[in-house]
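Step one of this worksheet: look at the structure below.
Please treat every number below as a calculation from the coordinates, not as lab data. What you see is a predicted model, and the numbers here were worked out from it, not measured in a lab. Cβ: placed from backbone, ideal geometry, glycine included. Neighbour counts: every protein chain shown.
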Ligand code: ADP
Ligand code: ZN
């Protein structure tokens, strides 16, 4: 197996799904190498892996290097399309991750584990022509019975059906040996949309949309030719909530499919936007596949292969679907492009949106980024002319945007006490909706009942023993819980620090809001959606459907409810503590607050009745709150870009966030300091800040020391980091490198 190289040898490189591993070189098989994108089995240390062939004709390693042979060739054809192999390698390079991690994203789940064939098959039993009940080979009544059953069923039955009528596999085997029946296997597709048990239903169908509005037509008049040009173009489609963006995507997709090319649609979280899937299914029928991590791996596998075989025209999926093996791609839509779920929070820390743009570039496709609240990155790209800008400034059918009122909670506390959750204005408005049988949505981006538990005697708050954060009280389960590591204990009777018996709670989350609403409006039907209530697959969809059917009066929830849903009967949106995020020391805090408030306010009044929104805030004058209330994107953008320019934050510069973890804070700080020094010494044009303890200084018993790199050129930062880390290989496993981070907490 292991031997030095000889001049006659040929070599290949292979990406193996092992974190952080570089591409590995192997000797090509004597019969020639399989092509790029084929799966191969390779030895890595003592283990064996399925990897993806990257370069079928790789340069020879330095002479004298020991090179192993491939163990096995799984495919003779590319399994992953070569363009997707290149895309994955770009991701690995750009996001400073291992190529194997990135290539793993391009494989369906079953292929990753090394199972070459994960299709679900069913056995079919067919009578052969010579089969007659009088045949001498028939010995027993069971066999006779089996043949009779088959004859009545027209000569062919599924094995499962035979079993259901009491015929065993053994009986069938006997008949097969006697050549009276044949057994064949047929591949069955697991279709997540066809199986009602899969947790995949779609929202009730929308009334069919008639003619496009003038704005939609104008948008399509720009986008249609851009798609037909069959060359790369990125377009920001900035359309206010309810302006009919989805309809534009559908018509555009129609045109692209009619021209023989394919369409990829990315949505932030499919479980939260089944409507999008439903509308594409309604338009394109079975030629739509869906791809997202909520699918069972078998379903995902089957969908992947349908795409790979070219059986679908449209793929709708979440972040990782950007690697879907579609060929002849003409259009990529990234809906709600600003959404933070496009960024993966483990290696490779890629942005599905940015990878989509890269994919469009290499495959000469049109990329449409849609949002009511574009990310500053995309808006700045449009401003600089790198992206085209298409706007839908008003809602369809002249439906007005919701009327927004800001309530100053400082005044509310002064008059009603510091413990109020709902302002009197919001309570009144909810009461009026209940009387008119209209629906209300209440948003608070914080779950749990109380956000802090503290002792009145010694003043200490209960902290997580493993993380540097306070514990949240969850009343339903009577426990306090850490939202970072999930540590939880029953609420103690006495203070763990001093033994005092007067534990108090302060701060509140969605669980408390639900309880307050039930107490104030006992007759109202209240539902809550947050990570505590929707642990089960399909649970969100159930609540969303109940709201759509009018079975819920008040829906309370975290940002999960702010996304994409279209509830025509919701006429009031309450935003409680709109400024939860503003207290965080994060450069995107204002952007996130603006997006969240604008999006949730956009849920109000999407039907025929005008909507109203009430926004409770402790900083009613903050520009993110004011601009969101006025639904004034431009005002927010100008103000926020000013701030990013002054403090040199993205999109004005490139940012890399580096976190070094260790059980000792001193070690974490010293190691991060060493990396910082190496980067400083190794390269010009990079600003290096830190080390400093991260805002979240400890998580799961590990301290976190942080450094930031800023530069106009990401490649310079990556190269400098790569050099620093190769000088300190011991740090690699406890260092997080986040290129273009969404948050620096
Ligand atoms: P967005 O994605 O921009 O928030 P949607 O595409 O969900 O908006 O459209 C909002 C609502 O308006 C949906 O119920 C949709 O069916 C409807 N709609 C879209 N376009 C039209 C149109 N041209 N005429 C009538 N209704 C439309
Ligand atoms: Zn914890």
* **Calculated FRET efficiency for the pair residue 286/residue 145, C-beta based, R₀ 41 Å, to 0.05** => 0.60
* Asked: What list of whole percents do you get for P(r) of segment 418-491, with Cα-Cα distances grouped in 10 Å bins up to the one holding the largest distance?
  -> 17, 35, 25, 18, 5
* **Cα gyration tensor, segment 143-188 - rounded (a/c under 1.5), prolate or oblate** => rounded
* Structure fact -> Short to long, in 10 Å steps from zero, the percent of alpha-carbon pairs of segment 633-723 per bin is 17, 39, 29, 13, 2
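Stokes-Einstein at 37 °C, 0.692 mPa s, Kirkwood radius from Cα pairs: D for segment 689-728 in µm² s⁻¹?
Numbers: Rh = 11.7 Å.
Answer from the Stokes-Einstein relation: 281 µm²/s.
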* Structure fact -> Averaging 1/r across every pair of distinct alpha carbons in segment 1-103 and inverting yields a Kirkwood hydrodynamic radius, in angstrom, of 13.6
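Provide the packing ranking of 156-162, 51-57, i.e. peptides ordered by the mean count of other C-beta atoms within 10 Å per residue, highest first. List each step's numbers first, then the result.
Numbers: 156-162: 16.6, 51-57: 23.1.
Highest-to-lowest ranking by the protection proxy: 51-57, 156-162.
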* Mind ordering 97-107, 718-728 by average Cβ neighbours within 10 Å, highest first? -> 97-107, 718-728
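Hey, with R₀ at 35 Å, roughly what FRET efficiency would residue 489 and residue 674 work out to, going by the Cβ-Cβ distance, to 0.05? Please list the in-between numbers first.
Values: r = 38 Å, r/R0 = 1.08.
Between residue 489 and residue 674 the formula returns 0.40.
Once you have the Kirkwood Rh of the chain from its Cα pairs, apply Stokes-Einstein at 37 °C and 0.692 mPa s and quote D in µm²/s.
Numbers: Rh = 29.1 Å.
Here the translational diffusion coefficient equals 113 µm²/s.
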* To do: Multiply the residue separation of residue 546 and residue 519 by 0.36 nm, subtract the distance between their alpha-carbon atoms, and state the gained length in nm to one decimal.
  => 7.6 nm
* Asked: Once the piece of chain linking residue 60 and residue 22 is laid out straight, how much longer is it, given 0.36 nm per residue of separation minus the C-alpha distance between them?
  -> 12.1 nm
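From the Cα gyration tensor of segment 251-362, with a ≥ b ≥ c the square roots of its eigenvalues, which class applies: rounded if a/c is under 1.5, or else prolate if a/b is larger than b/c, or else oblate? Please list the in-between numbers first.
Working: a/c = 1.42, a/b = 1.26, b/c = 1.13.
Rounded, since a/c falls under 1.5.
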* Degrees separating the helix 714-727 axis from the principal Cα axis of the chain, which is the longest one -> 70
* **Spin-label model distance (nm) - residue 501 vs residue 609, 7 Å beyond Cα toward Cβ** => 5.1
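Run the numbers for residue 361 and residue 723: contour at 0.36 nm per residue of separation, minus the present Cα-Cα distance, in nm.
On the way: separation 362, 0.36 × 362 = 130.32 nm, distance 2.92 nm.
Fully extending the segment from residue 361 to residue 723 adds 127.4 nm.
Sorted by packing (mean other beta-carbon atoms within 10 Å per residue), highest first, where do 527-534, 487-494, 430-437 land?
Details: 527-534: 20.0, 487-494: 12.9, 430-437: 14.6.
Highest mean packing first, the order is 527-534, 430-437, 487-494.
Return the calculated 222 nm mean residue ellipticity for the chain, to the nearest 500 deg cm²/dmol, obtained by summing -39500 (n - 2.57) across DSSP H runs with n ≥ 4 and dividing by the residue count.
On the way: 21 runs with 231 residues, N = 745.
About -9500 deg cm²/dmol.
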* Structure fact -> Looks like segment 322-384, by Cα gyration tensor root eigenvalues a ≥ b ≥ c and the a/c under 1.5 rounded cutoff (else prolate when a/b is bigger than b/c, oblate otherwise), is oblate
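Report the FRET efficiency, 1/(1 + (r/R0)^6), for residue 165 and residue 328, where r is their Cβ-Cβ distance and R0 is 45 Å, rounded to 0.05. Mind showing how you got there, number by number?
Details: r = 47 Å, r/R0 = 1.04.
Once the sixth-power term is evaluated, E becomes 0.45.
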* How much of the DSSP beta bridge set in the chain is antiparallel, as a percent to the nearest 5? -> 55
* Structure fact -> All alpha-carbon distances of segment 457-597, grouped into 10 Å bins from 0, give the whole-percent distribution 9, 32, 34, 20, 5, 0
* According to a simple spin-label model (label point 7 Å from Cα along Cα-to-Cβ), what is the distance in nm between residue 156 and residue 183? -> 1.8
* To do: Calculate I(q)/I(0) for segment 496-562 by the Debye formula, one identical point scatterer on each C-alpha and no solvent, and give its log10 at q = 0.14, 0.25, 0.28 Å⁻¹ to two decimals.
  => -0.52, -1.14, -1.29
